[in-house]
Amino acid sequence: MSRYFVDRISRRLALCFGTVAFLILIFIAVFILKGSLPALGEIGVADILFSTEWYPSHGAFGIFTMFAGSVVVTILALAIAVPLAVGCAIFLAEVAPCRIGNMARPAIELLVGIPSVVYGLVGMIVLCPAIAHLSGTGSGSSVLAAAIVLAIMVLPTITSISEDSLRAVPTLYKEGALALGATHWQAVYHVLLPAARRGIVAAVVLGTGRAIGETMAMVMVIGNSPILPTSIFAPARTLTGNIASEIGAATGMHESTLFVTGLVLFVLIMAINSVGLLLNRRKK
């Protein structure tokens with residue numbers, strides 16, 4: 001009887017924790033929406049989302065340049081990080097000897113624990129001068145610097161989940177491919193990667209959410225200029241950087257527009273997670 005009692009209590013506790021998490025999400029959404037309503041009502045959704053002019057002191061509150069900066073930096077960072085991460089996952093799961101794997105795996109996972117301000121400091125001191133020397137213009141604070149720093153930050157998340165997904169594939173799949181005459185790399189490419197694609201997609205979705213939500217490192221290396229990025233060597237500003245840079249001194253309509261920026265981030269991350277779920281269901 002006590003065993004069933006513990007089982008019922010455990011189910012109810014799990015339900016309680018899940019409900020609390022959902023209520024926290026609803027509270028955050030309502031809080032951001034409430035702060036956004038003055039700007040949405042007075043300025044309008046179209047003027048905020050699609051205007052490229054951000055001059056709060058002159059009543060211009062367009063966030064399209066920051067939205068474009070966030071999207072461009074995230075796409076470029078993922079273009080760098082995903083091939084590296086999947087390659088590292090294949091190396092750790094299928095190629096590396098046990099001794100090397102046991103040394104490399106904690107080193108990659110250790111990257112998760114490094115504070116973002118440290119990444120930003122290294123990027124500002126080392127990476128930005130190198131990019132300035134390469135491009136021959138500016139200080140090096142640019143979309144490219146931000147994308148490289150962001151790629152390094154999301155690399156351990158995508159690598160760890162992708163490796164777990166590869167290791168979760170039944171060994172019979174690989175053995176069957178080898179028995180049919182496939183080479184090791186053919187088995188990895190044609191059998192293991194397709195079988196582990198759901199986990200890899202989930203890893204990329206989590207990495208995308210981390211990339212879009214990153215703030216401090218981006219403020220330090222991207223140049224933090226609210227302009228449309230015309231090249232990878234140009235400065236830009238992200239949505240998170242816009243909030244972090246101006247929320248301390250913002251009042252009135254300026255503050256409400258920053259809440260709209262947070263609302264756009266909230267909706268964007270929810271949309272990315274939804275796309276990931278839909279892709280997983282279709283592939284299943």
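Just so you know, all these numbers are worked out from the coordinates, no wet-lab data involved. The shown structure was predicted, so the numbers you read here are calculated from the model rather than taken from an experiment. So basically every Cβ, Gly included, is an ideal-geometry build from the backbone, and we count neighbours across all protein chains shown.
What the table shows:
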| quantity | calculated |
| --- | --- |
| Angle in degrees between helix 64-90 and the longest Cα principal axis of the chain, rounded to the nearest 10 | 20 degrees |
| Stokes-Einstein translational diffusion, region 92-188 - Kirkwood Rh over all Cα pairs, 0.692 mPa s, 37 °C, in µm²/s | 202 µm²/s |
| ³J(HN,Hα), Karplus 6.51/-1.76/1.60, whole Hz, each residue of region 216-222, x for Gly, Pro | 4, 4, 5, 4, 7, 10, 8 |
| Of Val20, Val154, Val188, the one that fluctuates the most in a GNM where the chain has Cα springs shorter than 10 Å | Val20 |
| Inter-label distance, nm, simple model (7 Å from Cα along the C-beta direction), Val112/Ser135 | 3.3 nm |
| Residue with peak Gaussian network fluctuation, the chain [Cα springs, cutoff 10 Å], from Leu92, Leu110, Leu78 | Leu110 |
| Taking Ser256, Ser141 and counting other C-beta atoms within 10 Å, the order from fewest to most | Ser256, Ser141 |
| For Ala39, net neighbour charge (Lys/Arg +1, Asp/Glu -1) across residues whose Cβ lies under 14 Å away | -3 |
| Listed residues Val221, Val71, Val30, most fluctuating in the chain (Gaussian network, C-alpha, under 10 Å) | Val30 |
| Options Ile212, Asn273, Gly140, ranked by Cα towards positive dipole end of region 64-283, top entry (Cβ charges) | Asn273 |
| Dipole magnitude (debye, nearest 20) for the chain, charges at Cβ of Lys, Arg, Asp, Glu | 1220 debye |
| Principal axis dimensions, the chain - Cα atoms, whole angstrom, descending | 70, 65, 32 |
| Helix 197-213 axis, angle to the chain major axis (alpha carbon atoms, nearest 10°) | 20 degrees |
